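Notes follow the structure.
The values are calculated or read from the model by the stated rules, or taken from the named source; none is laboratory data. Treat the numbers as computed from the prediction; the structure is a model and nothing was measured. Heads up, the Cβs are rebuilt from the backbone with ideal geometry, glycines too, and the neighbour counts pull from every protein chain shown. Just the protein is used for accessible areas: all its heavy atoms, side chains included, with ligands, DNA and RNA removed. Shrake-Rupley method; radii C 1.70, N 1.55, O 1.52, S 1.80 Å.
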Amino acid sequence: MSVIDRIREDRLVAILRRVPDLHAAIERVHAAGVALVEVTLDAPDALDAIRRHPGTLAGTVRTPEQVDAAVEAGAVAIVSPAFVPAVVARALELGVPPIPGALTPTEVEAAWRAGAPMVKLFPGGLGGPRYVKDLLAPLADVPLIVTGGVDASNAAAFLAAGAAAVGAGSALDDPDEARRLVEAVRRR
């Protein structure tokens with residue numbers, strides 16, 4: 001199963017951004033029931049964590065050189081905060097799915113047409129579930145993963161609005177909130 005299929009099936013990706021003890025955080029997230037983890041490259045030990053934890057997505061990838069480093073470390077997908085055509089192209093050249101970030105319909109369409117198999121709507125909390133529904137009305141064929149402002153209180157609403165998946169970071173810091181988030185996504 002491809003990582004894109006897994007994201008669509010699991011519907012939740014944990015995003016670990018500059019957390020202390022990245023390896024322990026990955027184990028904690030897995031123990032909470034979240035199988036898919038994105039490690040952002042702005043952490044000093046990100047590439048080591050990707051090497052040590054097979055199946056990890058690389059996040060905050062902004063340059064083709066970062067794509068190369070992440071793929072060499074074993075990243076199974078390349079996630080970006082914005083649509084950078086050179087990053088998408090390099091990931092596709094290396095056979096690793098890019099998931100570029102976008103906010104507007106124009107950005108989403110451009111990322112999709114560039115070959116991204118999924119687009120990250122970021123920051124999703126800015127427009128909320130209603131924005132996702134409105135955006136997907138004309139762009140229903142574009143699978144979106146919504147990140148930025150996702151927590152247990154709104155994850156199910158983003159999925160109900162048509163998002164293929166959600167990504168959450170700080171909402172997973174608290175074990176009780178993490179449990180509620182996993183339950184909210186699984187109920188959907």
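Couple of notes before you dig in:
- Potential lengthening of the chain between Met1 and Arg186 amounts to 64.7 nm, from the contour at 0.36 nm per residue minus the alpha-carbon distance.
- Stokes-Einstein D for segment 33-88, Kirkwood Rh over Cα pairs, 37 °C, 0.692 mPa s (µm²/s): 299
- Restricting the calculation to Cα atoms, segment 17-62 yields a radius of gyration followed by a Dmax of 9.6, 30 Å.
- The overall shape of segment 83-183, judged from the alpha-carbon gyration tensor, is oblate: a/c is not under 1.5, and a/b is no greater than b/c.
- Surface/4 estimate of mean projected area, convex hull on alpha-carbon atoms of the chain, nm²: 9.2
- GNM remark for the chain: springs join alpha carbons under 10 Å apart, and the peak mean-square fluctuation among Asp151, Asp48, Asp174 falls on Asp174.
- DSSP beta bridges fully contained in the chain are about 0 percent antiparallel.
- Overall form of segment 108-165 per C-alpha gyration tensor (a/c, 1.5; a/b vs b/c): prolate
- Working note: 222 nm ellipticity from helices only, DSSP H runs with n ≥ 4, each -39,500 (n - 2.57), summed and divided by the residues of the chain, gives -13000 deg cm²/dmol to the nearest 500.
- Diagonalising the gyration tensor over the Cα atoms of segment 94-134 and scaling each eigenvalue by 5 before taking the square root yields semi-axes of 21, 10, 7 Å, largest first.
- Å² of accessible area per residue within the chain, as computed with a 1.4 Å probe and no ligands counted: 44
- Result for the chain in a Gaussian network model with C-alpha springs under 10 Å: among Ser170, Ser80, Ser153, the largest mean-square fluctuation is at Ser153.
- Heavy atoms of Asp173 accessible to a 1.4 Å probe, total area in Å² rounded to 10: 90
- FRET efficiency, 1/(1 + (r/R0)^6) with R0 35 Å, evaluated for His30 and Ala140 via beta carbons: 0.60
- Built from the Cα atoms of segment 137-188, the convex hull projects on average onto 3.4 nm², one quarter of its surface area.
- The chain - charge dipole about Cα centre, Lys and Arg +1 at Cβ, Asp and Glu -1, debye rounded to 20: 460
- Restricting the calculation to Cα atoms, every distinct pair contributes to the Kirkwood radius of segment 1-40, found to be 10.6 Å.
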